[in-house]
1. What residue, of 313, 300, is aliphatic (A, V, I, L, M) and outside any loop (DSSP other than H, G, I, E, B)?
2. Does the range 238-247 contain at least one residue that is modelled with pLDDT under 95 and among the hydrophobic types (A, V, I, L, M, F, W, C)?
3. Do we find a residue being farther than 30 Å from residue 358 by Cα, in contact with a Lys or Arg (Cβ under 6 Å, 6 or more places away or on another chain), open to solvent by 20 Å² or more (accessible area, probe 1.4 Å) and not polar (S, T, N, Q) anywhere in the range 139-158?
4. Mind counting the residues in the range 328-374 that are without any contact (Cβ under 8 Å) to a residue 60 or more places away in the chain, of a type in the set (D, E, K, R) and either open to solvent by 40 Å² or more (accessible area, probe 1.4 Å) or not in a loop (DSSP other than H, G, I, E, B) (or both)?
5. Of all residues in the range 259-291, which are assigned to a loop (DSSP other than H, G, I, E, B), open to solvent by 10 Å² or more (accessible area, probe 1.4 Å) and at pLDDT below 95?
6. Quick one: in the range 70-103, of everything that is outside any strand (DSSP E or B) and touching a residue at least 60 places away in the same chain (Cβ under 8 Å), which residue is surrounded by the most Cβ atoms within 10 Å (Cβ to Cβ)?
7. Considering every residue within the range 107-119, establish whether at least one is touching an Asp or Glu at 6+ places or on another chain (Cβ under 8 Å), of a type outside the set (Phe, Trp, Tyr) and at pLDDT below 90.
8. What residue, among those in the range 152-195 that are polar (S, T, N, Q) and under 16 Å from the mean Cα position of the chain (by Cα), is nearest to residue 294 (Cα to Cα)?
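The values are calculated or read from the model by the stated rules, or taken from the named source; none is laboratory data. The structure presented is a predicted model; accordingly, all values stated were derived computationally and were not measured. Backbone-built Cβ (ideal geometry, glycine too); neighbour counts: all protein chains shown. Only protein heavy atoms, including side chains, enter the accessible area calculation; ligands, DNA and RNA are left aside. Shrake-Rupley method; radii C 1.70, N 1.55, O 1.52, S 1.80 Å.
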Amino acid sequence: MKKLSLLLLSLSILFTLSLSSSTFSPIDNYLINCGSFTDSIIDNRRFTSDHSSDSTSILFNDYNPFPNLPQIYHSAKILNSPSKYHFIIKDPGTHTVRLHFHQFKNSPVDISRAQFHVLVNGYVVLSNFSVQYDQMLVVKEYFIWASSEKLVITFVPAKRSNFAFINAIEVISAPKDVIVDTANYLNGDNKVDNFDGLSKQAFEVMYRINVGGVKVTPFNDTLWRTWIPDDEFLTSDNGFNRVHFGGRIKYVKGGASREVGPDNVYNTARVITSKNSSIPKLNMTWDFTVVQGYKYLVRMHFCDIASISLNLMYFNVYINGNLAYEDMDISKITGYLLASPFYTDFVVESGSSGVLSISVGPSSKSIAPAVDGLLNGVEILKMNNSMGSLDGLICPGLALKSWHTKNIGVLVPFIAIVCILLSIGLAMHRKIGQANESPAWLRLPVVDTHEQSLKDVDQNAIRYLELQILSLHYPGAGGTSVGGSCAFTWTDQLLYTVSRSMQGWFTARVDEVIAKREALGSKIFPYTGYHPH
């Protein structure tokens, strides 16, 4: 087979040692704590509060979160119509976008009703997305090219009965070598061609694997990534050894940087080792479940931390059973340095099995006794399809048009009644407050009861009530039916908006409204989404 002229061979040209101990500092670095009134510090990074709300969104906090849950998952912004986040871009190029989702432990909002699409700079990254209770934390990570002055993230409820939500957002400019423009295209039959224009594509991170090592958390990664152990993907560990290196990883100019892969990935590996004069006739293989119909960027990380000397290791690399690299000579590629990392990229088809297989094993040049195969890390990224989507066959235009307005005129009178009750409670409290000269509560806007106008009522409260009451018209929608002695489940958050002296009066008035609604066979749901200003 013709020798492959892979990009990694160019590494042998420029091998001036250039160790870099500086920490990567992205020019664009947006960390948003959605729905929160306070900033949060996670892994020494500050997520800025996003406490603004309008007629299309409400803020929600979980006051009884799971133990040890990072603070960014204590709050969320709920979006009940198409909504956008705009980020000013100062550093054009590839950007890392992470979307954080969490199903609250105790939530009056049935998050299972949340079904929505997400677009980033025109690419559909999520379609008909929902988070189930048993999923706990869901972090979606993407690489998106941003050439203009703005990066736009759009949330679109799948239909009028649904809504979208988000706990936290990260938009970070990526180092220039994280996604290079050309890779090796493995098109089957052991043929390798060039694949150009890679950096302009959109990618979703499917797997990031620390082979032979432990989990690497964002706190210990140069780009705040998570690398998981390879155990569950290794098809067999028979005869394969883990190797850990305690020395210095030698990053060189033209090779892998610490931003491409951290020390914690390159200082561990799995190896095939021959004993005596016998070379094992087996490969180390890892299987990954993938979605059919997409191309995948497979990045393989190598660092010879196992050989006792140079020019002793030769092995083959296979992807989906096809020979991707024959007789890999790490010593030659790294400019004859041990413990010097590099990586190589392949673009491959998903195939019909739904499994992407990666293998390394001895080649015809393998030497015994020596190391006859090694791998330190693997990353698998899904590439956008021809429709501009990373999640299904929905194109951006269709995703944006999926949400439609539904007539909710029948609900407006009920919303108005609740708002009028709020305003009456406020007016009565003001009289009491004037008599007692006590300002010890936070003011709500007043409603003009003659026009019954909703314009001056806090839009956050109105939209949340609208969102909840919409459940009445969609059988099967989640929510807590209210009845009996606990006609309305008040939380501290709502009671905080009402004068202590007026809580009893206010609750009684709402109970009367609910009783009338229940007589008509309707339901109302607990209201906990309002945050007083």
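1. After ruling out the rest, the residue left standing is 300.
2. Checked against the condition, which is being modelled with pLDDT under 95 and among the hydrophobic types (A, V, I, L, M, F, W, C), the range 238-247 yields at least one hit.
3. Applying the first criterion (farther than 30 Å from residue 358 by Cα) to the range 139-158 yields 146-158.
Now restrict to residues that are in contact with a Lys or Arg (Cβ under 6 Å, 6 or more places away or on another chain): 152, 154.
Then drop every residue that is not open to solvent by 20 Å² or more (accessible area, probe 1.4 Å), which leaves 152.
Add one more test, that the residue is not polar (S, T, N, Q), and what stays is 152.
Yes, that holds for at least one residue.
4. 1
5. Scanning the range 259-291 gives 276, 277, 279, 280, 281, 282, 283.
6. 72
7. Yes: one or more hits.
8. Restricting to residues being polar (S, T, N, Q) and under 16 Å from the mean Cα position of the chain (by Cα), the top hit is 154.
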